[in-house]
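These notes are about the structure you will find just below.
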Amino acid sequence: MSNSKQILDFKTQLELQDTAFPMLQILNEEGKIVDEDGLKRAELSDEKLVELFKSMLFARQVDIRSMKLAKQGRMGFFGPHAGQEASQMASAFAFTDEDWLFPGYRDLPQIYSKGWPIWKGLLWSRGHQLGNEYTTDDGKPVNSWFPQIIIGAQYVQAAGVALGLKKRKKDAVAFVYTGDGGSSQGDTYEGINFAGAYKAPLVAFIQNNGFAISTPRSLQTAAPHLAAKGWAAGAPSIVVDGMDAIAMYLASKDARAWAVAGNGPVVIETITNRLEPHSTAGDDPLRYRTKEDIDAWWKKEPLVRMRKFLTDKGLWDTAKEEAYIAELDARIDADIKKANNVEKQKISSFIKNTLEVPSQAMLEQIEKFESEGK
């Protein structure tokens, strides 16, 4: 017999939604372990902890150098990612080269982690055709889609590839990223729903960084937790401290294991923060948030707590970090030089790269522009 009073208690329903998603945290803001069992479950050796931290430092240095290039007019479009290193790199750390990555335009660091060269990322930002070749320097394929500009579209694409991996009986998953703004797009739900209906191996990340360009999370949706959107598609869904690299790794590792075992998708909402502008296209964050808010988040950012944790364990120090940053700068310098030395595209080459077999009209255009040296 139904209990009409309980079922029709809408206020309690809202309260239950608010408490249904406790946040997974293992490493707190002070760099202290608050979940010893979680640390053990992560199974990260000292060497792996240092490797993980280095991947985050790499992402930060790419961000720093990319912002400088953008200010100098030497880079095309760039979405800064400072503050999201744990959400991005610690999650990617849990996947394999065989897994397929579907990034958004702020997620170039995850593609780099799969072996994609930085110089190709620079060319991608400039609109060069070689920036859409997903191979390593030695020609090996990189299992990644291009950084999706259409918000949420990568979710539909990831769901399709996940189903293909299942049908081909591959020991691999698709993993996809969008932001809190992207979670409001129809494509995001459709992708999760499709993967849920077919039990496709998909791990879906919603990086809740506080703002969809200038729209704050509080105005984005009335849902208390973005992870709740996964429940509508029958997907297990969790909330993770996106500034905690260890929690991010553990959640991603367990989600991958669940998905690759044939259980269907998992949705992970990461609580993180974008500490810089939305993009280098003229956005001023102080028009929609306060300096005090930004300063407070800088104190919680993922490198600070991971650095303190590793330093306290005797695994890291200032000298090691300075040496590694110098190594990264030399690598980035070489990639910038390589990108700058690539032959610039002409109008004729744009037309040539549009279709594998050009139409007659396109052939005439190619001939015309080539005769003009364009």
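So what J values fall out for the stretch 31-46 if you push phi through Karplus, 6.51 cos²θ - 1.76 cosθ + 1.60 with θ = phi - 60°, rounded to Hz, Gly and Pro as x?
Whole-Hz 3J(HN,Hα) from phi for the stretch 31-46: x, 10, 6, 10, 9, 4, 5, x, 4, 5, 5, 5, 6, 9, 5, 4.
What longest range of the chain stays clear of loop-exposed GluC sites (Glu not before Pro) (DSSP non-H/G/I/E/B, at most 13 other C-beta within 10 angstrom)? Don't jump to the answer; show the numbers that get you there.
Values: sites that count: 30, 43, 98, 343, 356, 372.
Free of exposed loop sites, the longest segment is 99-342.
Enumerate the aspartates and glutamates that residue 32 could reach by cross-link, defined here as Cα to Cα under 15 Å, with residues fewer than 8 away along the same chain left out.
Filter leaves 241, 244, 301, 312.
For the stretch 36-342, what is the charge dipole size about the Cα centre, in debye to the nearest 20, if Lys and Arg each add +1 at the Cβ and Asp and Glu each add -1 at the Cβ?
560
Just the number, please: carbon plus sulfur as a percent of the accessible area of the chain, 1.4 Å probe, no ligands or DNA/RNA counted. Intermediate values should be presented prior to the final figure.
Numbers: 9930 of 18140 Å².
Using a 1.4 Å probe with all protein chains present, the chain comes out at 55 percent carbon and sulfur.
Pop a pseudo-label 7 angstrom from the Cα along the beta-carbon direction at both residue 64 and residue 337 and give the gap in nm to one decimal.
Between residue 64 and residue 337, the label points sit 2.1 nm apart.
Residues with amide H under 5 Å of residue 315's amide H, sequence separation 5 or more or different chain, H placed in the peptide plane at 1.01 Å from N; which?
Counting only residues 5 or more places away or on other chains, the set is empty.
Equivalent-ellipsoid semi-axes (√(5λ), Cα gyration tensor) for the stretch 72-228, whole Å, largest first?
Each semi-axis is √(5λ); the values are 24, 22, 13 Å.
For the chain, what is the convex hull volume of its Cα atoms per residue in Å³? Please report the intermediate quantities before stating the final value.
Working: hull volume 69.0 nm³, N = 374.
So the per-residue Cα hull volume is 185 Å³.
List the aspartates and glutamates whose alpha-carbon lies under 13 Å from that of residue 338, not counting same-chain residues fewer than 8 positions away?
137
Using only the alpha carbons of the stretch 44-114, determine the length spanned along each of the three principal axes and report them from longest to shortest in whole angstroms.
The Cα atoms of the stretch 44-114 stretch 41, 25, 16 Å along the principal axes, largest first.
Check the straight Cα-Cα distances from residue 199 and name the lysines below 19 Å, setting aside those fewer than 8 residues away within the same chain.
By straight Cα distance, residue 199 reaches 166, 167, 169, 170, 229, 253.
Say we join alpha carbon atoms closer than 10 Å with springs in a Gaussian network model of the chain; which of 102, 205, 350 then has the biggest fluctuation?
Checking each option, the largest mean-square fluctuation is seen for 350.
With an 8 Å Cα cut-off and a minimum separation of 6 or more residues, compute the relative contact order for the stretch 36-342 in percent. Please list the in-between numbers first.
Numbers: 566 pairs, mean separation 69.9, N = 307.
Once divided by the residue count of the stretch 36-342, the mean separation gives 23 percent.
Distance between the C-alpha centers of the stretch 27-76 and the stretch 298-315? Whole Å please.
9
The values are calculated or read from the model by the stated rules, or taken from the named source; none is laboratory data. Only a predicted model underlies this, so the values are computations on that prediction, with no experimental measurement involved. Note that each Cβ is placed from the backbone with ideal geometry, even for glycine, and that neighbours are counted across all protein chains shown. The area values use the complete protein model at the heavy-atom level, side chains included, leaving out ligands, DNA and RNA. Shrake-Rupley method; radii C 1.70, N 1.55, O 1.52, S 1.80 Å.
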